[in-house]
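Read-outs throughout are calculated quantities, based only on the coordinates presented, and are distinct from any laboratory measurement. Computed from a predicted structure; not experimentally measured. Glycine gets a Cβ as well: all are built from the backbone with ideal geometry, and neighbour counts include every protein chain shown.
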Amino acid sequence: MAKSQQQPRTDNHWEQVARTPVFQELIRKKKRFILPASVFFLLYYFALPVVTGYSDILNTKVSGGMNWVYLFALSQFFMAWILSLIYVWHANKTDQLVQRINDQKEEKQ
Amino acid sequence: MNTTAFILFVLIVAITLLVTYWAAKRTQTTSDFYAAGRSITGWQNGIAIAGDYMSAASFLGIAGLIALFGFDGFLYSVGFLVAFLVVLLIVAEPLRNTGKYTMADMLAYRLKAKPVRSAAALSTMAISAFYMIAQLVGAGGIIKLLLGLDYTVSIIIIGTLMILYVVFGGMLATTWVQIIKAVLLMSGTTLLSVWVLQKYDFSLVTLFNEVAAQKGQRFLEPGLQFSNPVENISLGIALLAGTAGLPHILIRFYTVPSAREARKSVVWAMFIIGSFYIMTTFLGFGAALLVDEEKITAADKAGNMAAPLLAEALGGNFFLAFIAAVAFATILAVVAGLVISAAGAFAHDFYSNVLRGGKASDEEQMRVAKRASIGVGVVSIILALLAKDMNVAFLVALAFAVASSANLPVILFSLYWKRFTTQGAVWGILTGLISSVLLVLISPNFMPPESAIFPLKNPALVSVPLGFLGAWLGTLLSPRDQASEEKFTELYVRSQTGIGAE
């Protein structure tokens, strides 16, 4: 019983946070980065099995025995590293919004 | 027996047991046991994730694959790293923000605890068991090759050590065993790579020219080993979706104090893991050039001995012993991580929350956690002994397939779909788990390739959509769940901000 009486109050509280402009901005900023970034890395990654599986185009040599397929596979590592650093840089910025949400929450309490 | 190798093995055992002794004194509560008291820093956890993830199968298996079949092994490596982008961008921080010790904590947040935790515990234990048997059986074979120890003896030694680390030192000891292993593995791989590269003036083009001259240009092109593009795409799906559903990786995020540290740890892990997989090509091509192919296949048909034999060709007996010891440490760190993840699923999810309804005292939970670790360890040893002569390579693929089809769909739906219900979660987990296992049983892994009912060795291409479908249908076919939808906002705010995270 005690639990069901408490429930609506806590929910209202989270609903309130969810409706604040700062939280909305946080979600917007996160989505605007994470969605396109995910689409990008999925396309970039699956290009490797698809292109090597259905064509020989990447077997073209670059210099001596070195061919494009090795360089493209190698580039996947740098793609992942660079994207991870950009994400951290972006997330550190959105952390400031989280801090503001936290501050507002404390003011109210 | 190789005396140097033996001394190095004993040294590794001694150091890791000392670490366990040190950690045991600091492991008093369940939070210490499952999450190292959340005392691990971001970079430490990053190294530990790398140590948890880079298995002997990667180190010895991929180097061997490249040594025997050329470029294709590298195709395999790429997915292991890119998969961490899914972990970093989508899973790590929300999970850290809303969970306590296991993956199921997040699921149980808004759904009914008992059915959801039972299903999640089942998939976690299945994944850990598949992965563990693959590691142990491989380890038995490798140690026999490297040290001349009997298969049964090797399994019992490794099994006993992993139980000791976890039971006495919990997550803290496991973490430091994984860190030590990662440092050893990276040192060994770097040393081998530099040694190979200096023979070719540190020029990749020179190295590739030499490979093309000795092995033919075809060796540097894809398709020698993995010639079915659909199979390669299915493997890619399993790796990308599966890594973010591997319980033994996910629980590592609970060992750091915040989502920010969890994020930092993934980036550290990615730089270590990525460098490692790039270096597997130097090891593989180096072995292809510097060791006779007959010698590699004579030692082990699958090529597992390519890296150790390369070490012997370059640095003689001492270097061989060192690389053998690195492989040994690698195995220990991975199996310890698996024991603690399976024990957590049983003790924390199933016993404490399902059977005891969350009412067990911390002392009781600790006792059960330790007993569960012993139980998991002993069962694993027995299964590994029974599976001695089986070809277990498919088990790693199966573990990734279950992780991707049973776990990832429900993790995503729980975090981002308000309407999601308990029935949806249970159906999703069970559909993913059962379809992966069934598809593997009727695949070329078990049947002759010509007559296999399901043509792919890796089922993810079909089982991942099935997992999503099961979770989706299970939700739509159940009534709207008021409690789950009300709690969704709370979970959503907390997962995105970390407010109130433990």
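Table for the structure above
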item	result
Scope the stretch B:154-176; condition in contact with a Gly (Cβ under 9 Å, 6 or more places away or on another chain) and β-branched (Val, Ile, Thr); matching residues	B:ILE155, B:ILE158, B:THR160, B:ILE163, B:VAL166, B:VAL167, B:THR174, B:THR175
Given (1) touching a strand residue (DSSP E or B) at 6+ places or on another chain (Cβ under 6 Å); (2) facing chain B (nearest Cβ under 7 Å), number of the condition A:LEU26 does not satisfy	(1)
Any hit, the stretch B:52-67, residues being farther than 29 Å from A:LEU42 by Cα and more than 19 Å from the chain's Cα centre (by Cα)	no
Qualifying residue in the stretch B:226-239 (condition: within 7 Å of chain A (Cβ to nearest Cβ), charged (D, E, K, R) and either free of Cβ contacts under 8 Å to residues at least 12 places away in the same chain or under 30 Å from B:PHE413 (Cβ atoms) (or both))	no
Residues satisfying the stated conditions in the stretch A:65-95, i.e. among the aromatic types (Phe, Trp, Tyr), closer than 24 Å to B:VAL230 by Cβ and within 7 Å of chain B (Cβ to nearest Cβ)	A:TYR70
Residue identified as under 17 Å from B:MET279 (Cβ atoms), within 14 Å of another protein chain (Cβ to nearest Cβ), crowded, with 23+ Cβ neighbours inside 10 Å and touching a residue at least 40 places away in the same chain (Cβ under 8 Å) among B:ALA56, B:ALA92, B:ALA63, B:ALA50	B:ALA50
Extreme residue, farthest from A:ILE86 (Cα to Cα), among residues of the stretch A:13-23 that are within 8 Å of chain B (Cβ to nearest Cβ) and buried (at least 16 other Cβ atoms within 10 Å of the Cβ)	A:TRP14
Some residue of the stretch B:95-102 being more than 14 Å from chain A (Cβ to nearest Cβ) and β-branched (Val, Ile, Thr)	yes
The one condition in (1) more than 20 Å from B:PHE6 (Cα to Cα); (2) in contact (Cβ under 8 Å) with a residue 60 or more places away in the chain; (3) under 21 Å from the mean Cα position of the chain (by Cα) that B:GLU293 fails to fulfil	(3)
Test result for B:TYR165, aromatic (Phe, Trp, Tyr), touching a helix residue (DSSP H, G or I) at 6+ places or on another chain (Cβ under 9 Å) and under 15 Å from B:GLY377 (Cα atoms)	yes
Residues being within 10 Å of chain A (Cβ to nearest Cβ) and either of a type in the set (Ser, Thr, Tyr) or in contact (Cβ under 8 Å) with a residue 40 or more places away in the chain (or both) - total across the stretch B:187-207	3
Lone qualifier among A:VAL98, A:VAL62 - being facing chain B (nearest Cβ under 7 Å), at negative phi and either part of a strand (DSSP E or B) or under 17 Å from the mean Cα position of the chain (by Cα) (or both)	A:VAL98
Helices (runs of 4 or more DSSP H) lying entirely in the stretch B:195-262 (those with 3 or more residues that are closer than 23 Å to A:GLN76 by Cβ and touching a Pro at 6+ places or on another chain (Cβ under 9 Å))	B:229-243
Condition check for B:SER361: of a type in the set (Ser, Thr, Tyr), surrounded by fewer than 21 Cβ atoms within 10 Å (Cβ to Cβ) and away from every other protein chain (no Cβ under 14 Å)	yes
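Matching residues to (1) touching a residue at least 12 places away in the same chain (Cβ under 8 Å); (2) crowded, with 21+ Cβ neighbours inside 10 Å; (3) more than 9 Å from every other protein chain (Cβ to nearest Cβ); (4) not aromatic (Phe, Trp, Tyr):
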{"position": "B:SER463", "(1), (2), (3), (4)": "yes, yes, yes, yes"}
{"position": "B:THR475", "(1), (2), (3), (4)": "yes, yes, yes, yes"}
{"position": "B:SER478", "(1), (2), (3), (4)": "yes, no, yes, yes"}
{"position": "B:GLU486", "(1), (2), (3), (4)": "no, no, no, yes"}
{"position": "B:GLU502", "(1), (2), (3), (4)": "yes, no, yes, yes"}
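Conditions (1) acidic (Asp, Glu); (2) surrounded by 20 or more Cβ atoms within 10 Å (Cβ to Cβ); (3) within 30 Å of A:ARG32 (Cα to Cα), marked per residue:
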| site | (1), (2), (3) |
| --- | --- |
| A:SER55 | no, no, no |
| A:VAL62 | no, no, no |
| A:GLN76 | no, yes, yes |
| A:THR94 | no, no, yes |
